[in-house]
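Data block below; observations after.
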Amino acid sequence: MKAIHAMALTALLSACTPQPELTDTQGEPVSLQRFAGKPLLVNYFAQWCAPCLREMPLLNALQREGKVQVVALSFDSMSAPELAELARRHDIQVPIMQVNGEAGARLPFPRPAQLPTSYLLDADGKLVQTLVGELNHARLATLTRQ
C-alpha cells in the first residue's frame, strides 16, 4: 500500500513540474533556468529574415566576450536536425533552439511581432529590455555596459 501512495505522490509531483521551454539542436529539452547567473540575450530570428542573419556574427562575438550569454530562438517551427543544419549553414555559434509549444507561454517575454527581436534578461531571468530591429555594434555595446 505504501508503494502505491509513493507512486501516486511521484506522479502528482512530476505533473506539477514545469516542462522545459526550449529544445536544442540535439532535440534535448532546455529550460531558461539553465542560463541563470548571467545576463541573457534571447534573439528571435528566422532563416528567411536577412537582418536576422546579418546580426548573427555580432551575436557570436557577444557570446565569445562572455559578459552576456546569447541564445538564438527560431521563430519558425523546425526539427532539431533542421536547426542544426541552419546553425552550420549560417555559422551560428550561439546556442540555437526551438520554443516548445505551450511551454513557451511560461517564457518571461512574448513571441515577437517583428523580426529580429531580442530580449535582454538579467541574471535572475527577469526581462530588462526589448530590442526590436537589427542589432549593431553600438546597440550591443550598451548591453555589455549594464
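Each value in this text was obtained by applying a stated rule to the coordinates, not by laboratory testing. Keep in mind it's a predicted model, so treat the numbers as computed, not measured. No Cβ is skipped: glycine too gets one built from the backbone with ideal geometry, and neighbour counts run over all protein chains shown.
Near the amide H of Val70, within less than 5 Å, lie the amide hydrogens of Leu41, all on another chain or at least 5 residues away, with H placed in the peptide plane. Please give the net charge around Leu22, taking every other residue with its beta carbon less than 10 angstrom from that of Leu22, where Lys and Arg add +1 and Asp and Glu add -1. Value of the local net charge: -2.
Please give me, ordered by residue number, the trypsin sites (Lys or Arg not before Pro) of segment 53-128 that lie in loop per DSSP and have at most 11 other Cβ atoms within 10 Å.
Numbers: sites: Arg54, Arg64, Lys67, Arg88, Arg89, Arg106, Lys126; in loops: Lys67, Lys126.
Of the trypsin sites (Lys or Arg not before Pro), the ones in loops of segment 53-128 whose Cβ has at most 11 other Cβ atoms within 10 Å are Lys126.
Given R0 = 22 Å, the distance between the Cβ atoms of Asn136 and Lys67 translates into a calculated FRET efficiency of 0.80. Quick one: grab the alpha carbon gyration tensor of segment 57-104, order the square roots of its eigenvalues as a ≥ b ≥ c, and give me rounded if a/c is under 1.5, else prolate or oblate depending on whether a/b is larger than b/c. Oblate.
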